[in-house]
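As structure tokens, the structure follows; a few thoughts come after it.
Nothing in this text is a laboratory measurement; each read-out follows from the coordinates by a stated rule. Just so we're clear, the structure is a prediction, and the values are computed from it rather than from any experiment. Here the Cβ is made from the backbone with ideal geometry for all residues, glycine too, and neighbour counts use every protein chain on show.
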Amino acid sequence: MEFTAKAKYMRVSPQKARLVLDMIKGRRVEDALNMLEFTNKRVAPAVHKLLRSAIENANYLSNEKGMDVDIDRLFVKQAIANEGPRMKRIRPAPMGRAYRYQRRIAHMEIVLTEKLTAGVNGQGSAAPARAKAKAPAKKAAARKAPAKKSTAKAKK
């Protein structure tokens, strides 16, 4: 089961948001929350709030809908930041000119899922443990013997 949370129209560039989101990808939610708490980036509190929202979505489904969700086994499966609409702005420039620039906006999404461990419900790993067969060693390439000089030339 996957649990998502989305934050749209965040006033941060998607590139800067991806720096923080890439740090928490694949981590347990507890580790990700600790990491975001001590990350020194401006977008980190917004990502922290988004991650808390995804955890609460999982908690809601666990409590209210009767689904069997273990919050302690959740990990961040996917964390992406896409580009939203750009705000076009104008900055005054010398000699009555104007410079145009764009303020970028990000749409962020976090997907959580439960990490399955080996031995759940009495089942072990799907594939039986096999001893790896050793691959046969390759033969060394045979060298060509040097060409023999003809005896006709040697007799003269």
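Kindly provide the set of residues from the range 20-44 that are assigned to a helix (DSSP H, G or I) and touching a residue at least 24 places away in the same chain (Cβ under 8 Å), ordered by number.
The answer is Val20, Leu21, Asp22, Ile24, Val29, Glu30, Ala32, Ala44.
In this structure, does Lys77 turn out to be in a strand (DSSP E or B), of a type in the set (Lys, Arg) and within 20 Å of Ala7 (Cα to Cα)?
For Lys77, the condition - in a strand (DSSP E or B), of a type in the set (Lys, Arg) and within 20 Å of Ala7 (Cα to Cα) - is met.
Which residues, taken from the range 54-107, are surrounded by fewer than 12 Cβ atoms within 10 Å (Cβ to Cβ), polar (S, T, N, Q) and either touching a helix residue (DSSP H, G or I) at 6+ places or on another chain (Cβ under 7 Å) or farther than 21 Å from Val12 by Cα (or both)?
Asn63
So, Val47, is that one under 17 Å from Val111 (Cα atoms), among the β-branched types (Val, Ile, Thr) and in contact (Cβ under 8 Å) with a residue 60 or more places away in the chain or not?
Taking the combined requirement at face value, the residue satisfies it.
Checking the conditions here, which among Leu74, Leu36 is among the hydrophobic types (A, V, I, L, M, F, W, C) and touching a His at 6+ places or on another chain (Cβ under 9 Å)?
Selected residue: Leu36, the only one of Leu74, Leu36 that is among the hydrophobic types (A, V, I, L, M, F, W, C) and touching a His at 6+ places or on another chain (Cβ under 9 Å).
Going residue by residue through the range 58-71, is there one that turns out to be assigned to a helix (DSSP H, G or I), closer than 16 Å to Ile110 by Cα and among the small types (Gly, Ala, Ser)?
Checking the range 58-71: at least one residue is assigned to a helix (DSSP H, G or I), closer than 16 Å to Ile110 by Cα and among the small types (Gly, Ala, Ser).
Residues Leu50, Leu36, Leu21: which one is crowded, with 16+ Cβ neighbours inside 10 Å and within 15 Å of the chain's Cα centre (by Cα)?
Just one listed residue meets the conditions, Leu21.
Tell me yes or no: at least one residue of the range 83-98 is in contact (Cβ under 8 Å) with a residue 40 or more places away in the chain, closer than 19 Å to Gly26 by Cβ and either over 25 Å from the mean Cα position of the chain (by Cα) or not in a loop (DSSP other than H, G, I, E, B) (or both).
Looking for residues that are in contact (Cβ under 8 Å) with a residue 40 or more places away in the chain, closer than 19 Å to Gly26 by Cβ and either over 25 Å from the mean Cα position of the chain (by Cα) or not in a loop (DSSP other than H, G, I, E, B) (or both), one finds none in the range 83-98, hence no.
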